[in-house]
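Below: one structure, written as structure tokens.
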Amino acid sequence: MATPWRARNGLLETLSDDECDRLRGDLQVVELTQGKTLYAAGMPQTTMYFPRSGVVSMTYNTQNGESTEIAMIGREGMVGTSVLMDSMTTPSSAVVQVGGEALALRADVADREFRKGGHFQFMVVRYMQVLLAQMAQTAVCNRHHSVEKQLCRWLLLCHDRIATDELQVTQETIATRLGVRREAVTEAAGRLQALGLIRCARGRIWIVDRKGLERQSCECYSVVRREYDRLLPPHAGC
């Protein structure tokens, strides 16, 4: 008996059998190489990506070259929602933060399925609400909470999207994503390590005490997580 094909992506696995059958032939497995730009600000988007592993950062770059992360996407979601809004460009960029793989779908195929008004459309709209909630909470967190709280939130969101306790990321990268000085991230990470919540090495961070990290975080992480759990319950499918 043939092994059933699995999407290994949270959104795709909620789809009906008919939707899976229509999309399966157009979904192509692609590698997500760390540092790769999936789309740049102002550039036409021709592909949607449904990560199966790895993490993609949505970032906004200022005119003076500074960059800040506005959302994080992993196997729970998709990259490139603007292709479904009759807008092929966006002022943000999407950059692979943690390497992995994704299922790529041409924009015209995704748009055709979206316009059928089935469960694919329903889940895409719900995911957009989750993504907007994450963006809003990120803005609040970056404005009102300490770097240590921001770091806790960032580590927890990243940990949710990978299948290991080891994050291959530098403190310089985290500082860029948070829009703060690297020294501030180093100090915050040192405090979290002293509390036994994480362990740091060159280019790597290990989550040692997940529950403790959640307690140390501000409410921003739990707000986003509750919204995801409320709107995108787990299902089996493709």
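The values are calculated or read from the model by the stated rules, or taken from the named source; none is laboratory data. The structure displayed is predicted, hence computed values, not measured ones. Here Cβ is always computed from backbone atoms with ideal geometry, including for glycine, and neighbour counts include all displayed protein chains.
When the stretch 9-47 is filtered for residues that are on the phi > 0 side of the Ramachandran plot and modelled with pLDDT under 90, only G42 remains. Taking the stretch 1-116 as the region of interest, the strands (runs of 3 or more DSSP E) fully inside it that hold 3 or more residues being of a type in the set (S, T, Y) and either closer than 29 Å to C141 by Cα or touching a residue at least 12 places away in the same chain (Cβ under 8 Å) (or both) are 55-61. Of all residues in the stretch 175-183, one or more are assigned to a helix (DSSP H, G or I) and exposed (fewer than 14 other Cβ atoms within 10 Å of the Cβ).
Let's see how each residue does on (1) touching a helix residue (DSSP H, G or I) at 6+ places or on another chain (Cβ under 9 Å); (2) over 20 Å from T138 (Cβ atoms); (3) assigned by TED's automatic domain parsing to the domain that holds E69:
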| position | (1), (2), (3) |
| --- | --- |
| I174 | yes, no, no |
| L178 | yes, no, no |
| A184 | yes, no, no |
| R191 | yes, yes, no |
| W206 | no, yes, no |
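Apart from one condition, R226 fits all of (1) in contact with a Cys (Cβ under 7 Å, 6 or more places away or on another chain); (2) within 30 Å of R126 (Cβ to Cβ); (3) free of Cβ contacts under 8 Å to residues at least 40 places away in the same chain; the exception is (1). Checking the stated criteria, L156 turns out not to satisfy the condition of being more than 24 Å from L11 (Cα to Cα), touching a Phe, Trp or Tyr at 6+ places or on another chain (Cβ under 7 Å), aliphatic (A, V, I, L, M) and in contact (Cβ under 8 Å) with a residue 60 or more places away in the chain.
Suppose we keep only residues that are buried (at least 18 other Cβ atoms within 10 Å of the Cβ) and polar (S, T, N, Q) within the stretch 138-166. Which one would you say is farthest from Q97 (Cα to Cα)? This residue is N142.
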